[in-house]
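Enquirer: Pasting a structure here, questions to come.
The values are calculated or read from the model by the stated rules, or taken from the named source; none is laboratory data. Quantities reported herein were computed from a predicted structural model and do not represent experimental measurements. In this analysis, Cβ positions are derived from the backbone assuming ideal geometry, glycine residues included, and neighbour counts consider all displayed protein chains.
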Amino acid sequence: MIQSDYHMHSSFSDDSEATMDSMIQRSIELGLHTICFTDHMDLDFPIEFGGGFIFNTEIYVERLAALREKYADKINILCGVEYGLRPYLKDAFHHLTEVNTFDFIIGSSHLVGKIDPYQPSYWEGITEEQGITKYLEAIYANVKTFDDFDVYGHIDYAVRYAPNRNKNYSYEKYADLIDAIFTTLIQKGKGIEVNTAGYKYGLGHPHPQTDLLKRYKELGGELITIGSDAHKPEHIGYDFVKAEDLLKSLGYSYYTIYQNRKPEFITL
């Protein structure tokens, strides 16, 4: 049974209004054993798309330390972060990692160049296949460049916003790129997350899609974390039962949690 949510946001992220206390209290109600806050740190996010997505890490770390103590007898609260990676920001993210004590770091791709696939303009003038290919190429560039993360988040995030969403999306269509991403991650000792927001967005599968999870395992991937990507309390632990059943059907026996950047395998 999955009792740890390793991807959630609070008002430290510009796209959430939830207090940390509200997220914690809901997690306790759900009977979770461990949660990890992973608020957005997207350096140099384009001003025309809202800017922001950065926060004061000193205040953040101190706040989580206080909450960990406050709720110590009810739930284990960990301090994570979600980096919005782009290769030219390598040194800046390395510095953040060096000066902060994070338990867990998600590496993510939200931007391709200076535009998010969330924006309709991303898909203008290109085919859907070209848009998804560009997104996966951005991930591949990041996994080759960065070491300052533990797992890669929502690997096929772009299909949420593709013109036909995931209707025409498959592992086979992008196999070479996906294999390159997974092989590089595995060689570097990095994992992937099973992000259940895919269910919330009506895709019928988590991120990454089922066949990608199957392929990751075939290639020897073992490190997987489970995260709801919740930005409000009601989405914590979203469809974790579905995710657990899916992983078991694919032959997974364990998921992973991190503390002090060190993985621990937990039986599904």
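Enquirer: Can you pull out the residues in segment 214-246 that are over 14 Å from the mean Cα position of the chain (by Cα), closer than 18 Å to residue 4 by Cβ and outside any loop (DSSP other than H, G, I, E, B)?
Expert: Answer for segment 214-246, where residues must be over 14 Å from the mean Cα position of the chain (by Cα), closer than 18 Å to residue 4 by Cβ and outside any loop (DSSP other than H, G, I, E, B): 233, 235, 240, 241, 242, 243, 244, 245, 246.
Enquirer: How about segment 118-133: which of its residues are in a helix (DSSP H, G or I) and either at pLDDT below 95 or surrounded by fewer than 16 Cβ atoms within 10 Å (Cβ to Cβ) (or both)?
Expert: Selection gives 120, 121, 129, 130.
Enquirer: For the subset of segment 175-203 comprising residues that are of a type in the set (S, T, N, Q) and more than 14 Å from the chain's Cα centre (by Cα), which member is farthest from residue 165 (Cα to Cα)?
Expert: Ranking the candidates gives 187 first.
Enquirer: Out of curiosity, is residue 179 among the charged types (D, E, K, R) and assigned to a helix (DSSP H, G or I)?
Expert: Yes, satisfied.
Enquirer: Taking the criterion of being surrounded by fewer than 15 Cβ atoms within 10 Å (Cβ to Cβ), under 30 Å from residue 20 (Cα atoms) and not basic (Lys, Arg), would at least one residue in segment 182-194 satisfy it?
Expert: no
Enquirer: Taking segment 214-227 on its own, how many of its residues are touching a helix residue (DSSP H, G or I) at 6+ places or on another chain (Cβ under 7 Å) and without any contact (Cβ under 8 Å) to a residue 60 or more places away in the chain?
Expert: 5
Enquirer: Pick from segment 1-55 the residues that are among the β-branched types (Val, Ile, Thr) and outside any strand (DSSP E or B): which of them is farthest from residue 268 (Cα to Cα)? It would help to see each step written out before you state the result.
Expert: In the first step, residues of segment 1-55 are kept if they are among the β-branched types (Val, Ile, Thr); the result is 2, 19, 24, 28, 34-35, 38, 47, 54.
Next, from what is left, pick out any that are outside any strand (DSSP E or B): 2, 19, 24, 28, 47, 54.
Working: 2: 6, 19: 30, 24: 23, 28: 20, 47: 42, 54: 34 Å.
For segment 1-55, the residue satisfying everything is 47.
Enquirer: Also, I was wondering about something else. Any residue at all in segment 99-118 that's out of contact with any Phe, Trp or Tyr (no Cβ under 9 Å at 6 or more places or on another chain), free of Cβ contacts under 8 Å to residues at least 12 places away in the same chain and farther than 19 Å from residue 45 by Cα?
Expert: Taking every residue of segment 99-118 in turn, none turns out to be out of contact with any Phe, Trp or Tyr (no Cβ under 9 Å at 6 or more places or on another chain), free of Cβ contacts under 8 Å to residues at least 12 places away in the same chain and farther than 19 Å from residue 45 by Cα.
Enquirer: Related question: When you scan segment 196-208, do you find a residue that is among the aromatic types (Phe, Trp, Tyr), in a loop (DSSP other than H, G, I, E, B) and either modelled with pLDDT of 95 or more or more than 25 Å from residue 38 (Cβ to Cβ) (or both), even just one?
Expert: Yes, segment 196-208 contains a residue that is among the aromatic types (Phe, Trp, Tyr), in a loop (DSSP other than H, G, I, E, B) and either modelled with pLDDT of 95 or more or more than 25 Å from residue 38 (Cβ to Cβ) (or both).
Enquirer: Another question, then. Looking at the structure I just gave you, is residue 230 small (Gly, Ala, Ser) and touching a helix residue (DSSP H, G or I) at 6+ places or on another chain (Cβ under 6 Å)?
Expert: Values: small (Gly, Ala, Ser): yes; touching a helix residue (DSSP H, G or I) at 6+ places or on another chain (Cβ under 6 Å): no.
In short, no.
Enquirer: Can you confirm whether residue 145 is surrounded by fewer than 17 Cβ atoms within 10 Å (Cβ to Cβ), at pLDDT 95 or above, closer than 22 Å to residue 186 by Cβ and out of contact with any strand residue (DSSP E or B) (no Cβ under 7 Å at 6 or more places or on another chain)?
Expert: Here the answer is yes, as residue 145 does meet what is asked.
Enquirer: Let me ask something additional. Can you tell me which residue in segment 148-176 is surrounded by the fewest Cβ atoms within 10 Å (Cβ to Cβ), limited to those that are of a type in the set (Ser, Thr, Tyr) and part of a helix (DSSP H, G or I)?
Expert: Filtering segment 148-176 down to residues of a type in the set (Ser, Thr, Tyr) leaves 152, 157, 161, 169-171, 174.
Narrowing the set further to residues that are part of a helix (DSSP H, G or I) leaves 157, 174.
Working: 157: 23, 174: 19.
So, considering only residues that are of a type in the set (Ser, Thr, Tyr) and part of a helix (DSSP H, G or I), the one surrounded by the fewest Cβ atoms within 10 Å (Cβ to Cβ) is 174.
Enquirer: Inside segment 1-20, can you point out the residues that are in contact with a helix residue (DSSP H, G or I) (Cβ under 7 Å, 6 or more places away or on another chain) and of a type outside the set (A, V, I, L, M)?
Expert: Correct list: 5, 10, 12.
Enquirer: I'd like to check something: does segment 69-85 contain any residue that is surrounded by fewer than 16 Cβ atoms within 10 Å (Cβ to Cβ), of a type in the set (Lys, Arg) and closer than 30 Å to residue 242 by Cα?
Expert: For segment 69-85, residues surrounded by fewer than 16 Cβ atoms within 10 Å (Cβ to Cβ), of a type in the set (Lys, Arg) and closer than 30 Å to residue 242 by Cα: present.
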